[in-house]
Amino acid sequence: MQENTIQTDALLKNLREGNDKAVNELLERHRTPLRRMIELRLDRQMARRVDASDVVQDVFMEASGRLREYLENPRLPFHVWLRHLARDRMIDLHRRHRGALRRSMDREQALPVSQENSGDQLMDQFKDDELTPAAENIRREFEERFLLALEQLEADDREMILMRHFEQLGNNEVAEILGLTPPAAGMRHLRALRKLRNVLGEDGLSLPGT
């Protein structure tokens, strides 16, 4: 993270000095984590119609248009600023697609959960290619339980689990994104874990990164 921050700061310095060619490199450095952030948060039904890569491109286009504004007043670290743009973009997408999804889903035959579930992006963390068919069936049952449990959490708790255990962000990064002190972010993480484990029960599955 420290190396990435140093390189990002160097590219931002080049842009302030008039080197516009640094824009593409700056954005490309953030493509993979931004795409992952978006994949994990797309509404299940909308994920069947909207590709995360297209959302990333939209965010990059907006970022390019507002980059001069950011450089003049960088109140947030660049990667946090990009995440805020992506979050606003997804809120807008969900709002505009909600009505269309309701109408189209009335006409479509529902797919099995295993096919329509955009939570598969989360469950990639639990996959094991060497499982027997019986063990694979058990794993799928755990997947469905986990997704249902995650959906029962409040938005803040769900966001904390996604950032810490599926985006693999450290406590200091999460604190920076949420505008909290590291101790406060750590306490919120523990609270979210307790709530998730309460929903899952004593035999709940282990999370990635724990």
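The values are calculated or read from the model by the stated rules, or taken from the named source; none is laboratory data. Keep in mind the model is a prediction, meaning the values are calculated, not measured. Neighbour counts run over all protein chains shown; Cβ positions are idealised from the backbone, glycine included. Protein only, heavy atoms only, side chains kept; ligands, DNA and RNA dropped before computing areas. Shrake-Rupley method; radii C 1.70, N 1.55, O 1.52, S 1.80 Å.
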Margin query: Out of everything in segment 149-158 that is part of a helix (DSSP H, G or I) and touching a residue at least 12 places away in the same chain (Cβ under 8 Å), what residue ends up being nearest to the chain's Cα centre (by Cα)?
Written below: 158
Check: Residue check: is residue 89 within 23 Å of residue 165 (Cβ to Cβ), under 16 Å from the mean Cα position of the chain (by Cα) and not assigned by the TED database to the domain that holds residue 175?
Finding: no
Next item on the list: Taking the residues in segment 18-57 that are outside any helix (DSSP H, G or I) and among the aliphatic types (A, V, I, L, M) as candidates, determine which candidate is farthest from residue 155 (Cα to Cα).
Entry: 50
Margin query: Checking the structure you have, find out if any residue of segment 58-68 is in a loop (DSSP other than H, G, I, E, B) and either modelled with pLDDT of 95 or more or surrounded by fewer than 16 Cβ atoms within 10 Å (Cβ to Cβ) (or both).
Written below: no
Notebook entry, point to check: Counting only residues that are open to solvent by 40 Å² or more (accessible area, probe 1.4 Å) and either of a type in the set (S, T, N, Q) or in contact with a helix residue (DSSP H, G or I) (Cβ under 7 Å, 6 or more places away or on another chain) (or both), how many does segment 157-170 have?
Noted result: 3
Next item on the list: Identify all residues within segment 1-30 that are open to solvent by less than 70 Å² (accessible area, probe 1.4 Å) and closer than 21 Å to residue 61 by Cβ; write none if there are none.
Entry: 8, 11, 12, 14, 15, 19, 22, 23, 26, 27, 30
